[in-house]
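The block underneath contains the structure these notes are about, expressed in structure tokens.
Computed from the coordinates by the stated procedures, all read-outs in this text should not be read as laboratory data. Please read all numbers here as calculations on a predicted model, not as lab measurements. Here the Cβ positions follow ideal geometry from the backbone for every residue, glycine too, while neighbour counts run over all protein chains shown.
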Amino acid sequence: MKLIRIAIDGPASSGKSTVAKIIAKNLDYTYLDTGAMYRSATYLALKNGLGEKDVNAILDQLAEHPISFGRAEDGSQTVFVGDQDVTLAIRQNDVTNNVSWVSALPEIREELVNQQRRIAEGSAIIMDGRDIGTVVLPDAELKIFLIASVEERAERRFKENQEKGIESDFETLKEEIAARDYKDSHRKLSPLKAADDAITFDTTGVSIEGVVNFIQEKAEKMIDMN
Ligand code: DC
């Protein structure tokens, strides 16, 4: 059986991580949430009062408190910096609203992209982010670019936040998502964009199951080909 690398990119709340997790489980593939890594770097920056000019200090923090992933009792993925569980902390509004400037810093991207490539080496992996198909794994066998309307993505994030007990206002969420889209797509380095060989799929009005089936079918065809 051939092991493939699956890259799933797309804007905030387009459903990337939800479907990637399900597909990883179904195919018994490793799942890597690269957004959680940029969020963890942002968490460390904020915790230590660091700004854009302090990139070396943020890198020192990342070296001192390496990012790692674990598994909770219910099977869900947990995120650590050093030995601190930051699974919930990295989803809070302060991190969400600062992650764009941290993830635009070239030195931070270089470090995290290296870590991502190391994790992917030799494994059957499904990775989600913004630049997986274009930069991190440009030769990934399957590249998917998920999009959805801002309205629908804000609704998804609103529900997600409710489930996690994070308070949010729908209109504010919409504005924040649109602002993050703009920043992620317009930054100089590795902007959010579909790779030339990616399959773009609009998930507006499509169920999670529908998106999973669409991607998994393509993946299974490739896996079975060899
Ligand atoms: O997927 P997410 O919303 O958790 O990602 C948080 C932020 O991290 C996103 O706004 C941009 C940044 N990011 C990135 O620049 N490159 C990636 N591969 C993944 C995320």
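Structural remarks
- Selected from 6, 30, 45, residue furthest toward positive end of dipole (the chain; charges at beta carbon): 6
- Near residue 147, the amide H atoms lying under 5 Å from its own belong to 201, 202, 203; only residues 5 or more places off or on other chains count, and H is placed 1.01 Å from N.
- Net charge in the neighbourhood of residue 214 (other residues with Cβ under 14 Å of its Cβ; Lys, Arg +1, Asp, Glu -1) is 0.
- Judged by the mean number of other Cβ atoms found within 10 Å, the most tightly packed of the peptides 202-211, 162-171, 96-105 leads the ranking 96-105, 202-211, 162-171.
- Assuming charge only on the beta carbon of Lys and Arg (+1) and of Asp and Glu (-1), the dipole of the chain about its Cα centre is about 280 debye to the nearest 20.
- Considering only Cα atoms, the convex hull volume of region 1-126 works out to 112 Å³ per residue.
- In terms of the mean number of neighbouring beta-carbon atoms within 10 Å, the peptides 129-135, 87-93, 118-124 order highest first as 129-135, 87-93, 118-124.
- Radius 14 Å from Cβ of residue 6, net charge of other residues (Lys, Arg +1; Asp, Glu -1): -1
- Rounded, prolate or oblate (a/c below 1.5 giving rounded, otherwise prolate when a/b exceeds b/c) for region 54-96 by Cα gyration tensor: oblate
- Across the chain, Cα pairs under 8 Å and at least six residues apart give a relative contact order of 35 percent.
- Diffusion coefficient (Stokes-Einstein, Kirkwood radius over C-alpha pairs, 20 °C, 1.002 mPa s) for region 86-190: 138 µm²/s, rounded to a whole number.
- Region 147-226: radius of gyration over Cα atoms, expressed as a fraction of 2.2 N^0.38 Å: 1.37
- Among beta bridges identified by DSSP and lying wholly in the chain, the antiparallel ones come to about 30 percent.
- Calculated P(r) tail over 30 Å for the chain, as whole % of Cα pairs: 20
- Relative to the Cα centre, the charge distribution of region 17-92, modelled as +1 at Lys and Arg Cβ and -1 at Asp and Glu Cβ, gives a dipole magnitude of about 240 debye.
- Per-peptide packing, taken as the mean over residues of other Cβ atoms within 10 Å, places 215-221, 183-189 in the sequence 215-221, 183-189 from highest down.
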